[in-house]
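To start, the structure under review is shown below, and the notes come after it.
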Amino acid sequence: MKTLVVMPTFNEAKSLASTVEGLLAEVDHVDVLVVDDNSQDGTSEIADSLATKHTRVRVLHRPSKQGLGPAYLEGFNYAFSNEYEIVVEMDADGSHQAKDLARLLAATAGVDLVIGSRWVSGGSVQNWPMARLFLSRFGNLYARLMLGTKIFDMTSGFRAYRASFLKRLIATPVSSQGYSFQVELAYRAARDGVVVEVPITFVERAEGKSKMTLGIVFEALVKIQLWGIKRLFG
C-alpha cells in the first residue's frame, strides 16, 4: 500500500541522515516526509540534500517551532492530499528502528492503527535510566486506567495509521501540541477503531538532546486526568 513516513524534526542534524538512509535501505516501498520546524543546527539543509539525493524523500519547512502535534498534523494533511493509504509516525533521532517498521506495516491489514509498543511482551527499551523507565511505565499505566483503554504504550511515537481512518480521527480538532498528542490520538483510536500493538526495541538516542521536559510531562498528565474525568462523568 502507498505509505508515507512522517518524520518531524527540530535540531536533529546529528541523526537525521543516518535515520533516513537506514529507513530507505531497510524498507523499499515507503516515502519519507521530513517536517522541519526551522531548525538552526543544519537539519533543514540536510533534509533538503536528502530530498535531492532520493526521490522518495520530501521536505516541509515550517517557519518556527510550534510543537509536535501541529507538525504531525501538517504531515498528515500532506499524506491525504497525495493519496497515501498508510501514514507512519517515526522519530528522526534513531530511537525507532527501521527494521521494526516492516513488522508494523505487515500488521496493518484489517487494522486502523498499529502501535510500535515498548511495553507489550517482546518489546524493550535500551539505554534508559531507571527514572525514565519508571516515568514511562507509570505514565502509560495511568493513561490506560484513566482512559479505560487496553493499549499498553499510549505514548509511543512509532505507529502506522490507515489514512482513511486517520482523516476521520483528526476531523475533530486535536487539543494537544506536545507529546500528549500521541495519547490523545491513541485514546480516540481506541474508542472508534481497531488498534493492535506490535513489540519494538526502542533505543535511546546516541546523538543530540531529548525534547522531553517536565512541562511536557505535566501537560500530558493534566490532559489525561481531564479526559478521564470527562469519560467517567460525561
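The values are calculated or read from the model by the stated rules, or taken from the named source; none is laboratory data. Just so it is clear, the structure is predicted and the values come from calculations on it, not from any experiment. A quick note on method: Cβ atoms are made from the backbone with ideal geometry, for glycine too, and the neighbour counts reach across all protein chains shown. When the accessible area is computed, the model is the full protein with side chains, heavy atoms only, and any ligands, DNA or RNA have been set aside. Shrake-Rupley method; radii C 1.70, N 1.55, O 1.52, S 1.80 Å.
Residue 168 meets the conditions (1) within 16 Å of residue 101 (Cα to Cα); (2) loosely packed, with under 15 Cβ neighbours inside 10 Å; (3) not hydrophobic (A, V, I, L, M, F, W, C) in every case but one. The failed one is (1). On the stretch given as the range 175-185, residues that are over 16 Å from residue 225 (Cβ atoms) and open to solvent by less than 30 Å² (accessible area, probe 1.4 Å) total 3.
When residue 95 is tested against (1) open to solvent by less than 30 Å² (accessible area, probe 1.4 Å); (2) among the small types (Gly, Ala, Ser); (3) free of Cβ contacts under 8 Å to residues at least 60 places away in the same chain, just one condition goes unmet, and that condition is (3). The set of residues from the range 1-26 being aliphatic (A, V, I, L, M), in contact with a strand residue (DSSP E or B) (Cβ under 9 Å, 6 or more places away or on another chain) and modelled with pLDDT of 95 or more comprises 4, 5, 6, 7, 16, 20, 23, 24.
Would it be correct to say that residue 157 is assigned to a loop (DSSP other than H, G, I, E, B) and either buried (at least 17 other Cβ atoms within 10 Å of the Cβ) or touching a strand residue (DSSP E or B) at 6+ places or on another chain (Cβ under 9 Å) (or both)? Against the criterion (assigned to a loop (DSSP other than H, G, I, E, B) and either buried (at least 17 other Cβ atoms within 10 Å of the Cβ) or touching a strand residue (DSSP E or B) at 6+ places or on another chain (Cβ under 9 Å) (or both)), residue 157 qualifies.
Suppose we filter the range 113-148 for residues that are surrounded by fewer than 19 Cβ atoms within 10 Å (Cβ to Cβ), touching a helix residue (DSSP H, G or I) at 6+ places or on another chain (Cβ under 7 Å) and outside any helix (DSSP H, G or I); how many remain? Residues flagged as surrounded by fewer than 19 Cβ atoms within 10 Å (Cβ to Cβ), touching a helix residue (DSSP H, G or I) at 6+ places or on another chain (Cβ under 7 Å) and outside any helix (DSSP H, G or I) within the range 113-148 amount to 2. Among the residues of the range 80-90, which ones are part of a loop (DSSP other than H, G, I, E, B) and crowded, with 20+ Cβ neighbours inside 10 Å? Across the range 80-90, the qualifying residues are 84, 90. Number of residues in the range 43-67 that are hydroxyl-bearing (Ser, Thr, Tyr) and either in a strand (DSSP E or B) or surrounded by fewer than 19 Cβ atoms within 10 Å (Cβ to Cβ) (or both): the value is 4.
With respect to residue 69, determine if the residue is under 24 Å from residue 184 (Cα atoms) and small (Gly, Ala, Ser). Answer is yes for this residue.
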